[in-house]
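One structure is given here, and the rest of the page talks about it.
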Amino acid sequence: TETGEKYCPVQEVKHVDSEDIPANLCKKINVAALPKRSGNQKIEAIFGVKAIERSHIQRRILNHQPVCDAILIKDEIEQVKPFILALRRSQRQSAPETARFKKLTVTVCSSVEGEVEYNEQKVPLQLGVWDWILDDETHAAYVLSDPQETDMLNSDLLADAVGQIFAAVFRVERADEFARLVGCHRKDRLRMLRRLAGDDEIPSMDELERKYREAGFETESDD
């Protein structure tokens, strides 16, 4: 059709659930007309369509330009990470994914250049505003900012992007709770964590930070 839609056998179609699979790469693949953030297991169970695995995609960041507040934003993200890890451990604990999460850095950029490769299909990286890309090998994520945004530290869209990055690192499908922790005010985070975890016994901030420092020393080979 004029919109590029067509019918294909289920075996030849892929589902795109991850936010960091660029649109220009999707144009080279038979992508099912299904919404993102639907859950890979649910889509496969209902429609028989398998998702594109993030591990099968190579990402190469060639150049990036951080925004002027990139260091402040990075510091704020580091401060919320003990809360995210405490929430994740309340759901399911995995030492290797904890180690990956601790290594993760998130940089908000005014421009990001790179390339993406999947099944010998190589395309330039093209990110839209608040899109992101995660280099799994270097544990570095890059978010393309909105040039019109004047208060990034309080941006709900940035919080949503960071929540999606955390979900990709932890290899989970839902990022809503991560985004809520990232986006809430610092003074409310402990109460928000207790609400999300369903646990009134969440320890103090000092205890959370201590547990965070001690967590995740196992190597990747333990996965």
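Coordinate-derived values only; no laboratory data. This one's a predicted model, so the numbers in the text were calculated from it and none came from an experiment. Glycine also receives a Cβ, built like all others from the backbone with ideal geometry; neighbour counts cover every protein chain displayed.
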Checklist outcome for this item: By the C-alpha gyration tensor axes a ≥ b ≥ c (rounded if a/c is under 1.5, else prolate when a/b exceeds b/c, else oblate), the shape of region 58-184 is oblate
Next on the checklist: Relative contact order for region 51-162: what percent, with Cα pairs under 8 Å and sequence separation of 6 or more?
Outcome noted: 31
Checklist entry - What order, most packed first, do the peptides 156-168, 127-139, 103-115 have when packing is the mean number of other Cβ atoms within 10 Å of each residue? => result 156-168, 103-115, 127-139
Item to check | Cα→Cβ-extended label distance, 7 Å offset, between N154 and V129, nm | outcome: 1.9
Item to check | Cα→Cβ-extended label distance, 7 Å offset, between R60 and D200, nm | outcome: 5.6
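Of K81/K103; K81/K187; K103/K187; K50/K103; K74/K102, which sit over 18 Å apart, Cα to Cα?
Details: K81/K103 11 Å; K81/K187 15 Å; K103/K187 25 Å; K50/K103 29 Å; K74/K102 13 Å.
From the list (K81/K103; K81/K187; K103/K187; K50/K103; K74/K102), the Cα-Cα distance tops 18 Å for K103/K187; K50/K103.
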Item to check | Full-extension gain in nm, R210 to C68, via 0.36 nm per residue minus C-alpha separation | outcome: 48.1 nm
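Calculate, in nm to one decimal, what R174 and K187 gain on full extension: separation in residues at 0.36 nm each, minus their alpha carbon distance. Let's see the in-between values first.
On the way: separation 13, 0.36 × 13 = 4.68 nm, distance 2.45 nm.
Using 0.36 nm per residue and subtracting the Cα-Cα distance, I get 2.2 nm.
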Item to check | Cut-off under 5 Å, modelled amide H: who pairs with K50 long-range | outcome: H15
